[in-house]
Amino acid sequence: MMQITNSIRGTTGVRTGPAEALEAVGELRLVMTGLDVSDDVRSRAGWALDDMVDELCRPDPDRDVMASRLWRLTEFLQGSGVDVGPGTPPFSAISRIAGWVGPLGRALLKRLG
């Protein structure tokens with residue numbers, strides 16, 4: 001039992017699972033509504049978020065796929081002039097998703113920070 005419990009804990013000691021990552025994707029979608037971006041950027045970011053939701057709703061979501069989608073979204077947003085670094089509205093949700101993703105997510109956070 002202890003081994004299972006420890007395997008679902010994130011680096012902060014808080015449970016991080018697909019449901020929590022899915023909640024963070026929803027928060028990121030909400031943050032997107034407040035960003036000053038073009039309709040094209042908003043639409044493309046929405047597609048990336050939809051892809052993440054689809055993956056997280058699978059019976060066994062793939063962390064590598066989620067890492068790829070999260071990296072793609074952050075690179076797209078940064079390329080569009082959106083600051084997604086620490087202290088910005090998107091960063092909190094991105095960091096929660098990255099926490100579920102694992103090592104590739106932590107690498108993304110280092111790149112953003």
Being modelled with pLDDT under 95 and β-branched (Val, Ile, Thr) is the filter here, so list the residues in segment 32-64 that pass it.
Thr33, Val37, Val41
Out of (1) crowded, with 16+ Cβ neighbours inside 10 Å; (2) assigned to a helix (DSSP H, G or I), what's the single condition that is false for Gln78?
(1)
Residues in segment 41-58 that are buried (at least 17 other Cβ atoms within 10 Å of the Cβ), of a type in the set (Gly, Ala, Ser) and over 19 Å from Ala19 (Cα atoms): how many?
1
Are there any pairs, at least 6 apart or on different chains, whose C-beta atoms fall under 8 Å, with the first in segment 29-46 and farther than 17 Å from Thr74 by Cβ and the second small (Gly, Ala, Ser), and if so, which?
Ser38/Ser80
In this structure, is Ser68 within 15 Å of Leu30 (Cβ to Cβ) and part of a helix (DSSP H, G or I)?
no
Breaking point among (1) at pLDDT below 85; (2) part of a helix (DSSP H, G or I); (3) not polar (S, T, N, Q), for Glu20
(1)
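The values are calculated or read from the model by the stated rules, or taken from the named source; none is laboratory data. The structure presented is a predicted model; accordingly, all values stated were derived computationally and were not measured. Virtual Cβ from ideal backbone geometry, glycine too; neighbours counted across all protein chains shown.
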